[in-house]
Structures are given as C-alpha cells and as structure tokens.
Amino acid sequence: MAYKRQIDRLPIIPADAEEFNVTCHYCIVGCGYKAYTWPMNRQGGTAPNQNKFGIDLSAQQYQETEAWYAPSMYNVVRQNGRDVHLVVKPDVNCVVNAGLGSIRGARMAENRPSKVTGTQAQRLSDPLVWRNGVWQPTSWDDALDLVARVTAKVVEQGSEDDIVVSMFDHGGSAGGYENTWATGKLYFESMKIKNCRIHNRPAYNSEVHSTRDMGVDELNYAYQDYELTDTIFMVGANSMETQTNLYLNHMVKGLQSGARFIAVDPRRTITIASSEQYAGAENVLHLAINEGTDMVLFNAILTHIVDQGWVDADFIANSTFQGGEAVAQDEAHPAGMGSLDYAMQTCRTSLDEAAGICGVPAADIQKAAEWIAMPKDDGSRRKCVTAYEKGIIWGNDNYRTIGALVNIALATGNIGREGGGVCRLGGHQEGYYRPSDAHVGRPAEYVDQFLIRGLGGVHHIWACDHYKTTLNASEFKRVHKRRSDMVKEAIDGAAGGTREQVVEAIVSAINAGGLFVVDVDIIHSQIGQNAHVILPACEANEMNLTSMNGERRLRLSEKYMDPFGNSMPDALIAAKMAQHMERVLREMGNDAYADQFKGYDWETEEDAFMDGYNKGNPEVTYDRLRAMGNNGVQEPVVGYENGQLVGTTRLYTDGVFTRHGREDGRALFAAAGWRGWQAPGKAREQAAHRFWINNVRANIFWQNQFLDQDNDFVQDRYPHPFVEMHPDDMVDLGLNPGDLLEIINDNGVTQGMAYPMPTLKRNTVAMVFGSPAGSQGNVVNPGVNELVLPDYKHCWGDIRKISDATAQTRSISFKSHEIML
Amino acid sequence: MKCNKLVDAGRRQFLRGGAMASVGAVAATIMTPEQAKAQALARVDYPANRLANIADLVVNEPIDVAYPDEDSPAVLLKLGQAVEGGVGPDGDIVAFSVLCPHKGWLLSYSAEDMTLNCPGHHSRFDCEAGGQQIWGHATSNLAQFLLRVDDQGDIYAEGVDDLIYGRLSNVLA
C-alpha cells in the first residue's frame, strides 16, 4: 500500500516568520527555495493579515499557488538551541525554477535531522573512534589528536604520498566554496597530496578534459538559451529526470515556442516521451544508437554539415585555430587538436558508415544534421544548444567523444551566442575553489587501484562512498576492508594502552599492509564501516554555503538551523585537523613542517570563504550575495555597481576562447578518431554476456541515496534498486515484476528488483546507479581511459533470479513511467 | 497530443477558482480552557459525505465527486478487482483527490491503465496501488479517501490519508 503521511493539516506560516534564502542542496540546477522558521508555540492564521502569504487560507488555493506547502516541506528543527517550526518551499521569484519544486528538493525540510519528528535519525552527531571493538563517541580534540598523530607519523616515516585522500569537489549538499577551499588548502597547500580522488571517480581529474583543452569551458551558456534556441541537442542525458526544473522551466518553454529536440540515447527516456508531448512527436528525433558509438554519430553529423557548407565560416575564421595541428596527441592528450581541416582528416565519417556502426538510419543522422545546422528558408542560421552528461562523460572514449561533440558546436558557431552553448548538464552544483592541483599530474594516479595494490597507509575520506560509487567495487571493498580490519585488530590488541602505544600499534599495522581510515561524513556511510575515526559534518543550511549552478549562478544558501549534535562544517573540521597537525608536528620537533599548517584560525565558514574564494574574487562577500537573493549572480563576477554584483550571462560572447590557456584565444577542434571500445576489457565482456547493464538515474533519488535511504516516501516506491527490463526478457528468465535478481560477471555480483519496461531494447537493462541496496559498481570492470575517466556505462552481465517478490516489492506499482494523456 | 476523456465536471469552474469558495468566517472569540484543550488534541473532524451509490458505478468509469467539500475535486472508481483500501462487495471501490500534489493541476484518468495523469508536468499515480506516484515530481502519493458502504449501497467518504493540494487543513476552517 502506498506510503501516506496521514497528515490532515500543517501549521500556518505566520506573517512575521523569519525568512531565509535557500538554494536546493541537490542537483546542478540549484532551484531557489525560501525557508521560514517561527517559534514552536505559535502559528499563523487563515486571515490574510495572519499569514506570510497575505491570503485567505480558509479557502481552497488553486493551481501553482504560492500559498501551499506539502507535508514534505515541513519539519521541526533546532535553531540557536531551541526547537522551531520550519517550512522550506520553492521560491516563485527565482528565475531558475519559478516556483517549481522537484521530488528531491521539495523534501529538503523532511530530510533535515530532527529529534522532535525523528527524521534523519541516521545523521552523525559526535566524533567516533574505534575503541574496545566498537565506535565510541568522543570529543573533537580526542578524535583529531589521533588522526593527526597517525597521519603525521606516517608522513614522517615515509612521505605525503602515503596519505590517500578521497574528497568531494562539488557544490551544494556539504560541498561548496567554503568546504572545497578548506580541504583544498589542507591537502594541496599545507600538504601536497598526490594520491587523491573525487567523490564519484577513482582519480583527481576533470570529467571533461577535452572541451577545456579545446578552449571551451563546459558551462558556457545561460539557461534562458533553451528558450531562445531553434534546436535542443541532448546527448547521454535525461533532464526531465535529473535536471528536472531546468527541463520544465526552460527547455519546455523552448519546445513550446517551436524548438526541435534531438535526443541521443540508446534508451527511450522519460525526457524523450515528455518532449513528444510538449513539442509534438514530429519535432522530436530520437537517435537510439548502439551503446558507446556516440563519437561516430557526431563525426558523421559534423561531416555532413561541413560537406553541405552549413558551417559558420566567419566564426571559424575569427575564433578558431587556423594552422593545422596545434597540440599533438600524447600521454596527456588522447587526441590531437587543431584547425577544423586538421580535425576533419580524422573525423570524416559518411552517413552510411555511421548508420552501420550506430545502428540508426542514415536518414535520421542526416535529419539531425539538418535540425542542427541547415539554414532556415530566409538564409539565417539555426540556433542550437548542445547539452550532454554522464552518457558520454562516463561513456566510451570520454576524451574524444566529448571533443567530437564540441566540434559540432564550434563548426556551427553555436557558442557564446543567444540560443547556443555546448555544455555539460551536471550532477551536483559546482563549488570548486582550491589551490593549484598541478602536482597531482596528468594522467592522475588511479587511486582506487593504488589502494588495491596495497599502497598508501592512511586514507582520509570526505563525503565519498566508494562502496556505492566506484568501479571494480567488489574487489575494492574486499581489499579496503581487509586492510582496515588489520588496523582495527591492532587497536583492539592495544586496548588499555596509552595514546602513544595505540598510535604505535596502528603504525605497525600500516607497515604490515594495513590502512588507517578517517571518514568525514554526515551519516554512517558504507565505506565508513571500515573507518577508525568518524567525524560528523553538517550540510548546507546547517551552515552558510555558496555554490554555483549549471549556468554559473552563484548564490548564498543561508544557515537556518543548527548543525546536528556536535557536527560541524567540513571547512571547520579541516581547519581543526590542520591545527592538530601543527600542534602534533611541533611536539614531534618538526617545526618547519608544522609551520605549513598555520593559517586556519577560522571561527566560521564565512572566514573560510574570505580566506579562499574572496581572495580570488574580492567583489564577492556574504553580505553582497545575501542581497542578491535567490537569483544571485552569474559567474564570473566582473564588478559591483549600484549595490549589485555584476555577472556574466554567457561566456565567449567576444569569440575569444581561453579555457585551454592559449594566448591566441582561439578554440581548437579535436581529432576524434574512432577506435571502438577504448577501455580495456570492454569488448571481451560484451562478447561474453547477454545483457548490457546500463547505469541510469531516477528523479526520486538524490545520488547514492545517502539521505533518501532513510526517507519513507522514497523507500516505499523502490524498496530495492530497480533493474528495468524488457518484459519478454523477464519471461525468458522466469521473472515477475518485483522479483529479486542478481547480475553476474567476472567483476562481481550485484542485485536488484525486476521492473518491466516495454520501451527498452531486448537484452539491455537499465539499473539505477549508486544504490545502497545493490551497487552497480560491483559489476563494472576496472577499465578507464588514458586520463583515468571511468567507463561506468559499459558493463555486461548475465542475470538470474534469486527470489520471488517480497511483501514490499509485490505491492508497488510497475506501470509504465510515460504519461498517458 | 492524444487526450483521454478528462474528468472534467466542474473543471472550468475549478480552474477559475474563487467563485464557489465559501466565505470562511474568522472566529475571533476567546476560547474557554476546555475548548482550547479539545482543539489542541483533535485532528480535523472529517464529515461523512455520501458520494454515490454502488448502483451508480460501472467498472473503470470514473465518477466526479468532491470531498470534504465542493472545492476539493475527486474521482470515485470501481476498478473491477480488489485492491488494498478498496471497499464494496468486490473490494474494488476507491476514491482519490484529483489535484496533483505537485502543483495542483487537475489530473486526468487513463482508463487504459487505471492511472491518474497530470497534463502539467507529467506526474502519474496508480489507482490500483493506493495512489502511489508511478513517476513524477510530487513528494506525496495521491490523497485517497477513507470510504464506507452502508446497507443501502450508499458510499460515504469519511477521511483522507494525506494533505490535499491547495489547503493547509483538509477540512477548511
């Protein structure tokens, strides 16, 4: 039976409730919300002068009203040490979302920790140290002293290369400029940690190296470009599901104004189905290519555009490189770069050739080229905005494939102009401000393999859960657990010893192949099960946090509640860790090294912001951002005039391209030569197994479900990770809807729940990514590209039933996701 | 865009809003301590409203109803096979609010797969699974009514299991 909250009324926001600007914690779009708080012993009334809306709430409110909030938008939280009512609801005045809330963001209030309502009881409240066979709660000083002593000792006897760091680089949630700066300062300035990785991939690297090497930053447009364009060209993305209000509030407006929609995806997504409704099926072109063949498709589209003379010759002459090869292919550059002519020598692909490889009709590829670039009847150029995401970022041959896509935008002059842009859509918001990472090198170390090989002695983890979000996860888990268990046993064996004796026991275990694990997170994560010290962090709105969205819109999301228990912002945890390092190193007599850990005398997250982001962007302060409200300012900020920060609507309007750092300001084309499956082991795996295991997202979950795993509304819908399958494949395997199954290959095993999806191709399944109850990473092979970008999307396996439907899975809906109007 | 038969009795009136809304009297009287206590403890008191008689129902043909008052549009459905929460001799009679809990658009019924669908942003709810959102943007499943059938076959609504869109109290005060 569907989950119901059995709520028949909610407290009314009083007219004098406190109001805060909130940017949604979750996806890249960064919808604007307003938070309202007021004392527990009061509420507003239905009369217009008694409530925040100034509206008669004794009457039914109508469609799209501002004067309503769902039960998920309400909670009771702690603010300045006392309980208060909280409502967090979408902001109708925010240009990003215009009052729309997504199924993720509109649950922000419900997903706050509350000792009164019992929500998110999983949140960590105190530092924990492994002692006496369990995690014992303790003080910050006690926990950080142990972290600092072990870390310092391991560096002293070896080097900083023995410290491995996994750290988020995103905005929103618990990321943002404050927290990326603090962790960056600790590991890239005080230390020079080389063996580090990012939250969702096994190395410290860009996901979009090639577009940057071509001179084109990956976030170069404004969301309004979707409303101004003639064609939306979407590749490997599913925005209705994952950038929901970008789709509903911007793309749909474009589609309803006559824009056409091209989708490149092996699977019919909900975005394609909805676009047919909004634009008319005749204005939607779905290129359901064979998995991993995107680059060939792009090359054929480019070739057709070039051969038909539909390129933007002026743009190419003025803004792109003209002299043949500019950058040769080498270890750090998996494709050469240069002029259009140079690139065409490699990219040239006929429509028929592409049709054969991609498995779609040549006529459809030609149609795509026409919709992108064929001039209109009056001779004017078509505008096209190109959007891409994990389908190719986590796909086959990342570097060249993204390069091939950006080639099309460059050749047609669709960058830096209204209705144009070639952008990744993004996952989290952005919020990266760190000292240089040049010492990490390119290609960067494949850190998960480094750990598997037994290297590194101390592992600091900041809000990363490799168990759910790495490839080759089965082996990673086995090794990480074995190595960290060695240290747990050493600690258990040293029970009753002094701090010095315990540290000595830990270091001995490390020297024998063990791994000392420090986990900073907001909840007990899965990899955190291996930790020896767990440090409780807080999230946005439990602290002030600045981030930017997918059109570079920077906002301050304000603190409206206390951090849970004794948790604190990552920025201040990093600062405390540095201070303990300094103290311990001084005790050890290493003053020179201790001095490197100075400069963390921060009281608040704002201090971290001023120490980092503000130093590079002196116009930007908390006060000024607060005044800019939920519409913020689009980066880069170029001034401050008349009490307003002045931003940049879109990049490259002057036709000068700079992201590659070249002084000539000219963009480069990529020589994107097709070479089949690029990552090791993929071709063999494909040949050996029946099913392609596509790795997909769903709108209802935020990322790896770290909060949603404790949200009844979400877990009621999908008690197990869904594995969507064609019904005929289910019949073949004797599977009914809701049956539990396992996916098996040489890399490992994972499990999920069969969900019939008639629109899928046969012998493919779509499994939700990053689930705590079944990680798809278990069955993804270790194959990466030259720059250590994982190819999560390409994985093949066999499927077998493990159980009939459970009581929970039997009762859920298995109907088609597509609208029936 | 193909369009199934909308559940549209009162639709225009509803979207226009206001005209039918009763004027809520704002009680400004001072309550006695007993009254205050009683109010503090109570959930809202739901009326028991007759929606239809079993004889009025045809399998898979929705009837437009309203509950707890005329400003809260809903459908009454006989699904043809027993479902959880269903009443009547066949255990298959259910009723749901038809205001999408996302943004309050009026849902339309698809007889093809017994779902309620939002034309605004494409959320979908399963009438055979307690109004569970199949896919969509709402953060609640669809509000379902607690039904009772009396000896004469009259079907009464007597409660609602989640907050109805557009009101902060299911029973307007």
> For A:Lys468, which aspartates and glutamates qualify as cross-link partners when the Cα separation must be under 12 Å and same-chain residues fewer than eight apart are set aside?
Replying inline: none
>> Assuming 0.36 nm per residue, please report the length gained on full extension of the stretch A:Arg478 to A:Asn290 beyond their Cα-Cα distance.
In response: 64.3 nm
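Kindly identify region A:266-404 as rounded, prolate or oblate by the Cα gyration tensor criterion: order the square roots of the eigenvalues as a ≥ b ≥ c, call it rounded if a/c is under 1.5, otherwise compare a/b with b/c, prolate if a/b is larger, else oblate. Walk me through the numbers before you get to the answer.
Numbers: a/c = 1.86, a/b = 1.26, b/c = 1.47.
Judged from the Cα gyration tensor, region A:266-404 comes out oblate (a/c at least 1.5, b/c at or above a/b).
Within 10 Å of each Cβ in peptide B:141-150, how many partner chain Cβ atoms are there on average? Round it to a whole number, please.
Working: counts 9, 2, 4, 3, 0, 0, 0, 0, 0, 0.
Mean partner shielding for this stretch: 2.
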> At what distance in angstrom do the alpha carbon centres of region A:424-486 and region A:257-326 lie from each other?
Replying inline: 34 Å
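Within 10 Å of each Cβ in A:277-284, how many Cβ atoms from other chains are there, averaged over the peptide?
Numbers: counts 4, 2, 0, 1, 1, 0, 0, 0.
Mean partner shielding for this stretch: 1.
Using a 1.4 Å probe, what is the accessible area per residue for region A:517-641, in Å²?
Working: 3930 Å² over 125 residues.
Value for region A:517-641: 31 Å² per residue.
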> Each residue of region A:174-181 in turn: what ³J(HN,Hα) in whole Hz from Karplus with 6.51, -1.76, 1.60 and θ = phi - 60°, glycine and Pro shown as x?
Replying inline: 10, x, x, 4, 5, 7, 5, 5
>> As an exercise, identify the GluC sites (Glu not before Pro) in region A:278-336 lying in DSSP coil whose Cβ has no more than 11 other Cβ atoms within 10 Å.
In response: A:Glu331
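What is the packing order of peptides A:745-752, A:271-278, taking the mean over residues of other C-beta atoms within 10 Å and listing the highest first?
Working: A:745-752: 20.8, A:271-278: 22.4.
Taking the mean over residues of other Cβ atoms within 10 Å, the ranking is A:271-278, A:745-752.
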> Can you pull out the GluC sites (Glu not before Pro) in region B:66-173 that DSSP calls coil and that have at most 16 other Cβ atoms within 10 Å?
Replying inline: B:Glu70, B:Glu84, B:Glu112
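Evaluate E = 1/(1 + (r/R0)^6) for A:Asn763 and A:Gln322, where r is the Cβ-Cβ distance and R0 equals 60 Å; express this FRET efficiency to the nearest 0.05. Walk me through the numbers on the way to the answer.
Numbers: r = 47 Å, r/R0 = 0.78.
With R0 = 60 Å, the Cβ-Cβ based efficiency is 0.80.
How would region A:8-79 be classified by its alpha-carbon gyration tensor: rounded, prolate or oblate, with rounded meaning a/c under 1.5 and the a/b versus b/c comparison settling the rest? Spell out each step's value before the answer.
Working: a/c = 1.90, a/b = 1.33, b/c = 1.43.
Judged from the Cα gyration tensor, region A:8-79 comes out oblate (a/c at least 1.5, b/c at or above a/b).
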>> Here is the link list: A:Lys194/A:Lys682; A:Lys185/A:Lys793; A:Lys253/A:Lys390; A:Lys477/A:Lys793. Which ones come out longer than 27 Å on Cα distance?
In response: A:Lys194/A:Lys682; A:Lys185/A:Lys793
> For the pair A:Gln596 and A:Ala495, what calculated FRET efficiency results from E = 1/(1 + (r/R0)^6), where r is the Cβ-Cβ distance and R0 = 45 Å, to the nearest 0.05?
Replying inline: 0.85
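Could you please state how large a percent of the accessible area of region A:778-821 is carbon and sulfur, counting protein chains only and using a 1.4 Å probe? Please report the intermediate quantities before stating the final value.
Numbers: 690 of 1420 Å².
With neighbouring chains kept in place, the figure for region A:778-821 is 49 percent.
Given axes a ≥ b ≥ c from the Cα gyration tensor, I'd like to know whether chain A is rounded (a/c under 1.5), prolate (a/b larger than b/c) or oblate. Before the final figure, lay out each step's value.
On the way: a/c = 1.34, a/b = 1.19, b/c = 1.12.
Rounded, because the longest to shortest axis ratio a/c is under 1.5.
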> How would you rank A:769-780, A:717-728, highest first, on the average number of other Cβ atoms within 10 Å across their residues?
Replying inline: A:769-780, A:717-728
> Contour minus end-to-end for A:Asp728 and A:Ala363, with contour as 0.36 nm per residue of separation and end-to-end as the Cα-Cα distance?
Replying inline: 128.4 nm
> Which pairs break 28 Å Cα to Cα here: A:Lys115/A:Lys615; A:Lys115/A:Lys559; A:Lys89/A:Lys115; A:Lys115/A:Lys481?
Replying inline: A:Lys115/A:Lys615; A:Lys115/A:Lys481
> In region A:735-764, which residues have a backbone nitrogen under 11 Å from the label point lying 7 Å from B:Asp113's Cα in the Cα-to-Cβ direction?
Replying inline: A:756-759
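Past 27 Å, Cα to Cα, is the threshold; run A:Lys34/A:Lys576; A:Lys801/B:Lys78; A:Lys153/A:Lys598; A:Lys761/A:Lys801 against it and keep the listed order. Mind showing how you got there, number by number?
On the way: A:Lys34/A:Lys576 32 Å; A:Lys801/B:Lys78 35 Å; A:Lys153/A:Lys598 19 Å; A:Lys761/A:Lys801 20 Å.
As for pairs spanning more than 27 Å Cα to Cα, those are A:Lys34/A:Lys576; A:Lys801/B:Lys78.
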>> Within 10 Å of each candidate Cβ there may be at most 15 other Cβ atoms; applying that plus a DSSP loop requirement, which trypsin sites (Lys or Arg not before Pro) in region A:376-467 survive?
In response: A:Lys376, A:Arg453
>> As a test, work out the antiparallel percent of DSSP beta bridges whose residues both lie in chain A, rounded to the nearest 5.
In response: 60 percent
>> Which residues, if any, in region A:58-83 lose at least 40 square angstrom of accessible heavy-atom surface (probe 1.4 Å) when the other protein chains sit next to their chain rather than the chain being alone?
In response: A:Ser58, A:Gln60, A:Tyr62, A:Gln63, A:Glu64, A:Trp68
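The values are calculated or read from the model by the stated rules, or taken from the named source; none is laboratory data. As the structure is a computational prediction, the values presented were derived from the model and not from experiment. Note that we place each Cβ from the backbone using ideal geometry, even for glycine, and neighbour counts take in every protein chain shown. In case anyone asks, the SASA skips ligands and DNA or RNA and just uses the protein heavy atoms, side chains included. Shrake-Rupley method; radii C 1.70, N 1.55, O 1.52, S 1.80 Å.
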